[in-house]
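Worksheet for the structure shown next.
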Amino acid sequence: AQSVTQLDSHVSVSEGTPVLLRCNYSSSYSPSLFWYVQHPNKGLQLLLKYTSAATLVKGINGFEAEFKKSETSFHLTKPSAHMSDAAEYFCVVSVSNSGYSTLTFGKGTMLLVSP
Amino acid sequence: DTEVTQTPKHLVMGMTNKKSLKCEQHMGHRAMYWYKQKAKKPPELMFVYSYEKLSINESVPSRFSPECPNSSLLNLHLHALQPEDSALYLCASSQGWGAIRWQYFGPGTRLTVL
């Protein structure tokens, strides 16, 4: 069985300061891990994906995540926050079934960015 | 083209109405999904179609009826809904094969049931 724990429901940062959103996972298999972002009243956009090719994964808009198997973590970082980064972020574990995939979502972290 | 489109963007309906939500993708994906998302919650899976066949129905009430007319289209027919069904309805698609299959999401339909 898979599970995802996002350790913070809200994170507040100032514009220009670093962002850290924390995620721990549990998976019976070698996991596929994603981060999705959702701006208010919008759909979910894939930010980045871990596919076992490299432990440091680069995504869109300057975000990165590092897969640490020993810590079962997949934390999301960005060196410098922009106002446009304010959104809900979901850490997700994916399992591939026959003909489709099943996503297990964390509860989400709301990122607040102040000027 | 990596886009999933959904229509309408907003829908207001009474409890006796019949309406449909539409989802379309042209990425050649063979798996399509319906999710329901309440405010400040992650999406909850409702249905999965794989190669145009219903693969998962997550114990969704029969007032929600999915349909997959072809590999690019996914519909969700709504009838006799309740106010608690008000939510953002998201459609997604993914490849039907391969070891790693991330899902592309549409912008959603905001449904309000009066």
Failed item, numbered, when B:Lys41 is tested on (1) farther than 22 Å from A:His39 by Cα; (2) free of Cβ contacts under 8 Å to residues at least 24 places away in the same chain = (1)
Those residues of the range A:86-112 which are modelled with pLDDT of 95 or more, open to solvent by 10 Å² or more (accessible area, probe 1.4 Å) and either under 21 Å from B:Glu44 (Cβ atoms) or not in a strand (DSSP E or B) (or both) amount to A:Ala86, A:Glu88, A:Phe105, A:Lys107, A:Met110
Please find, among B:Gln103, B:Gln82, the residue that is in contact (Cβ under 8 Å) with a residue 60 or more places away in the chain and more than 14 Å from every other protein chain (Cβ to nearest Cβ).
-> B:Gln82
Out of B:Tyr89, B:Tyr33, which single residue is at the interface with chain A (Cβ under 8 Å from one of its Cβ atoms), open to solvent by less than 30 Å² (accessible area, probe 1.4 Å) and of a type in the set (Ser, Thr, Tyr)?
-> B:Tyr33
Would it be correct to say that B:Met46 is touching a Lys or Arg at 6+ places or on another chain (Cβ under 6 Å), open to solvent by less than 40 Å² (accessible area, probe 1.4 Å), within 14 Å of chain A (Cβ to nearest Cβ) and not polar (S, T, N, Q)?
-> yes
The range B:59-85, residues that are surrounded by fewer than 16 Cβ atoms within 10 Å (Cβ to Cβ), farther than 20 Å from B:His29 by Cβ and not polar (S, T, N, Q) | B:Pro61, B:Arg63, B:His77, B:His79, B:Ala80, B:Pro83, B:Glu84
When only residues in the range A:47-56 that are within 12 Å of chain B (Cβ to nearest Cβ) and over 13 Å from A:Ala87 (Cα atoms) count, which is most open to solvent (accessible area, probe 1.4 Å)?
-> A:Ala53
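The values are calculated or read from the model by the stated rules, or taken from the named source; none is laboratory data. This structure is a prediction, so every number in the text was calculated from the model and none was measured. Cβ coordinates were reconstructed from backbone atoms using ideal geometry, including for glycine residues, and neighbour counts include every protein chain displayed. Side chains are part of the model used for accessible areas, which takes the heavy atoms of the whole protein and leaves out ligands, DNA and RNA. Shrake-Rupley method; radii C 1.70, N 1.55, O 1.52, S 1.80 Å.
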